[in-house]
Amino acid sequence: MVLSVSERTFCQEVLESPIPVLVNFGAPWCGLCRIIHPLLLQFKAQCGDQIKLVGVNADDNFKLATKYKLKSLPTLLLIEDGIVRVRLEGFRGREDLLLALEEIKVCYTDRPKTYHSPKTADLGCRSA
């Protein structure tokens, strides 16, 4: 299961997350988004609790789509400490995506499990 995130919950669930977050920007009409979904679930299962996976409906969250300058769907962003560390878009196929996800998994799952909490003021987050 992928956690669905909106503009209202993005700051808390993604930017303030103590672990890296792979954000999947997609839309209900996007065929490729549906095709990669099982690959993302497999990736999440392999990474366990070391990387969080969330989904954002780009049609319903226009401000996020604009902020992250989405050019195509699906677009995957790996965000750590409020900073985009990896951007994946324009997949040429299943193997292309699998290789990119494997590189992320290797880089982010063999690390020490001590993460620091980002400063919310630096991220443009609103206080609750």
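The values are calculated or read from the model by the stated rules, or taken from the named source; none is laboratory data. The shown structure was predicted, so the numbers you read here are calculated from the model rather than taken from an experiment. No Cβ is skipped: glycine too gets one built from the backbone with ideal geometry, and neighbour counts run over all protein chains shown. Remember, those area values only see protein heavy atoms, side chains included, never the ligands or the DNA or RNA. Shrake-Rupley method; radii C 1.70, N 1.55, O 1.52, S 1.80 Å.
Laid out as a table, the results:
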item: Candidates Leu15, Leu98, Leu78, ranked by Gaussian network fluctuation over the chain, Cα under 10 Å, top entry; result: Leu98
item: Cα-based radius of gyration of the stretch 36-86 once divided by 2.2 N^0.38 Å, which approximates compact folds; result: 1.22
item: Computed [θ] at 222 nm, deg cm²/dmol, the chain (DSSP H ≥ 4; -39,500 (n - 2.57); rounded to nearest 500); result: -10000 deg cm²/dmol
item: Percent of beta bridges antiparallel (DSSP, the chain, rounded to nearest 5); result: 60 percent
item: Accessible area of Lys105 in the full protein assembly, 1.4 Å probe (Å², nearest 10); result: 40 Å²
item: Option label - P(r) over Cα pairs in 10 Å bins from 0, in percent computed here, alternatives (i) 13, 45, 37, 5, 0; (ii) 12, 43, 34, 11, 0; (iii) 12, 47, 34, 7, 0; result: (iii)
item: Solvent-accessible surface ranking, highest first, for Arg8, Arg87, Arg34 at 1.4 angstrom; result: Arg8, Arg34, Arg87
item: Note, ³J(HN,Hα) from phi for the stretch 51-68, Karplus 6.51, -1.76, 1.60, rounded to Hz, x at Gly and Pro; result: 9, 8, 10, 10, x, 10, 7, 5, 5, 8, 10, 4, 4, 5, 4, 6, 4, 9
item: Listed residues Val23, Val86 arranged by accessible area, highest first, probe 1.4 Å; result: Val86, Val23
item: Stretch gain in nm, segment Arg94-Cys107, where the contour uses 0.36 nm per residue and the Cα spacing is subtracted; result: 2.7 nm
item: Calculated from backbone phi, Karplus (6.51, -1.76, 1.60) coupling profile of the stretch 80-95 in Hz, x at Gly/Pro; result: 10, 6, x, 10, 6, 9, 9, 10, 10, 8, x, 4, 8, x, 4, 5
item: Most fluctuating residue given options Thr75, Thr66, Thr109, as computed from a GNM of the chain linking Cα atoms under 10 Å; result: Thr66
item: Estimated FRET transfer efficiency (Gln46, Thr66; beta-carbon r; R0 30 Å; 0.05); result: 0.40
item: Share of carbon and sulfur in the accessible heavy-atom surface of the chain [1.4 Å probe, %]; result: 55 percent
